[in-house]
């Protein structure tokens, strides 16, 4: 995982009114758990947004008071209308204890099917992974260079050393599909070929008819 830092302040009181006051001051209320105790805090909304509104997954050095806690962002809640962050859950990383995170998927190479007019479709932009924090990669890479039109890359085709992808092995992650333009072009070529074939047969039939008529006149 990528590394990042974030700072927070302990909350003096916990409740709806306190949370509302924090949000008006562009602070996000949150909870840190997974360690010896559960801690309520608040953090800067803008700085938090840089870690949330990104495809990457971060291992966060969270500064709270006089100590720094190694953790990950476990859950984020958003306002249903404005999409502002309203609450944050941080999970402390305990050495030797596996964690579950969403890891971004990265396609490596250019698919052969794309060069033939297809389109690479990403079905899953992130995949759920379980493993020790030190083993979890920045991204799960899938080599698509040999994929032709109609090919798919499934969970079973991906390998993450020391970790497990907790999704059905048959689930399709990346696929090369025909574009509508390519399908239309192929259909147009087929129609032109059929028309050309019909025209040729008609011309040959006409010449044969004329030859027959000429023979009758003789």
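Every number here is computed from the coordinates shown, using simple stated rules; none is lab data. These figures come from a predicted structure and were not determined experimentally. Quick reminder, even Gly has a Cβ in these numbers, built from the backbone with ideal geometry, and neighbours come from all protein chains shown.
The ranking of 51, 6 by Cβ neighbour count inside 10 Å, starting from the fewest, reads 51, 6. Which shape class, rounded, prolate or oblate, goes with the stretch 101-180 when its Cα gyration tensor gives a ≥ b ≥ c as root eigenvalues, a/c under 1.5 marks rounded, and past that a/b bigger than b/c marks prolate? Since a/c reaches 1.5 and a/b is larger than b/c, the shape of the stretch 101-180 is classed as prolate. Could you state the number of Å between the C-alpha centres of the stretch 7-53 and the stretch 59-113? Result: 15 Å between the Cα centres.
How high is the FRET efficiency between residue 36 and residue 146 when r is their beta carbon distance and R₀ equals 35 Å, given to the nearest 0.05? Let's see the in-between values first.
Details: r = 50 Å, r/R0 = 1.43.
The pair residue 36/residue 146 has a calculated efficiency of 0.10.
Entry note, the stretch 1-106: relative contact order of 30 percent, from Cα contacts under 8 Å with a spacing of 6+ residues.
Working out 0.36 nm times the residue gap between residue 84 and residue 68, then minus their Cα-Cα distance, what length gain in nm do you get to one decimal? Computed gain between residue 84 and residue 68 is 3.2 nm.
Within 10 Å of each residue's Cβ, count the other Cβ atoms and sort 13, 5 from fewest upward.
On the way: 13 9, 5 12.
Sorted ascending by nearby Cβ count, the order is 13, 5.
With a/c under 1.5 counting as rounded, go ahead and sort the stretch 2-94 into rounded, prolate or oblate using the C-alpha gyration tensor (a ≥ b ≥ c being the square roots of the eigenvalues; past the cut-off, prolate if a/b is larger than b/c, else oblate). Verdict is oblate for the stretch 2-94. Fewest neighbouring Cβ atoms within 10 Å first, the residues 43, 122 line up as 122, 43.
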